[in-house]
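Heads up, the thing below is written out as structure tokens.
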Amino acid sequence: MKYSISDIAEKAGVSTGTVSRVLNGKTDVRAETRRSILAIVAEFNSRPQRAAAGGTIGIALKNPENIFTSIYFSRLMNGISGACFREGMDLKIFSYQEADPENFIDLVNKKNPSGIIMLQTGPDDPAVLNLAETAVPHAVISNRFKNKKVSWIDSDHRSGMLSAVNHLIGLGHKNIICITPLPEKPGTTIRIAAFRECMQEYNPVFSDDDIIGTETSSMDEGFFLFHKLQKKDYNRPTAAIITNSNLAFGFLKAAKISGLKIPADFSIISFDDTPYFESGDITVTCVQQQLEEMGSAAALHVIAGLAEKKTPLHMILPVKLAVRQSACGSAIKKVLVSA
């Protein structure tokens, strides 16, 4: 009898992504968990078998423009493509129009993928809800749905934001702003709610003016936002949590040009890690998502569904606050906004 990665994960009580990391020699799994998984593999007397003899996994995108320059997307795709390669599956990327959700199933039938992974979905996305009514195995990344038929995997955005705010509060900061792309996406909505909840409890003068929305998530937007805030009559923040790495990069670039020293004059925490954040002139404290694991888990769930009908996946992956140089105590010489 053949067994899949999902079978091993179910017996071990862990995610398929954890099983995949163990089988591929990753070191970021607890020794006890690793031993348990390897013991189950030995019991099954083989490595996991492919859930299907080949096939194609479709990656459905609403707006593929510039997505291939995104580190966030690249890390997701590393996880997805790695899992598909190991399981003998091909990948096909296609786009669809948000304005035509009723035609999405027609597009799926035309493209004819074996299963689908969906990115860039919105709240209660009609295309996702339509897909969940079909027999096509699927998984949605970075979104959550009340409809129990929808399979989704997401990060613990609330925990990530609370850890960022509490870290700054612990350093003595009181006037903290949150910079985030708008309109709000599902993960962004959770982050903003957590920021508001924490700041209302800690800072009696907090207002929604401390949540600053941007029209895009580009580096240019972050750059120009820095200069815009400098000119604004504002409640003089000493720190910012920026929920997008591109915005943070642009913000940091503008700060450096202006002479504002990070973190001596102003502290920053970003969501999502980048090579620059790890090795730049000032390393950046950030909330790390398990993007490769998320992509791998989504792909393995879809692939497992090709062999047999699987229970819908509802998974929230933990995040980690990587503490680096860009945030320090609030005894500072300058503030963001000029006097």
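The values are calculated or read from the model by the stated rules, or taken from the named source; none is laboratory data. The shown structure was predicted, so the numbers you read here are calculated from the model rather than taken from an experiment. In this analysis, Cβ positions are derived from the backbone assuming ideal geometry, glycine residues included, and neighbour counts consider all displayed protein chains.
Hey, among the residues in segment 182-207 that are assigned to a helix (DSSP H, G or I) and of a type in the set (F, W, Y), which one's surrounded by the most Cβ atoms within 10 Å (Cβ to Cβ)? Result: F195. Yes or no: segment 170-181 includes at least one residue that is in a helix (DSSP H, G or I) and crowded, with 19+ Cβ neighbours inside 10 Å. No; the residues of segment 170-181 include none that is in a helix (DSSP H, G or I) and crowded, with 19+ Cβ neighbours inside 10 Å. Of the strands (runs of 3 or more DSSP E) lying entirely inside segment 77-166, the ones with 1 or more residues being in contact (Cβ under 8 Å) with a residue 12 or more places away in the chain and surrounded by 23 or more Cβ atoms within 10 Å (Cβ to Cβ) are found at 115-118, 138-141, 152-155. Taken over segment 267-320, the criterion of being basic (K, R) and at pLDDT 90 or above is satisfied by K320 alone.
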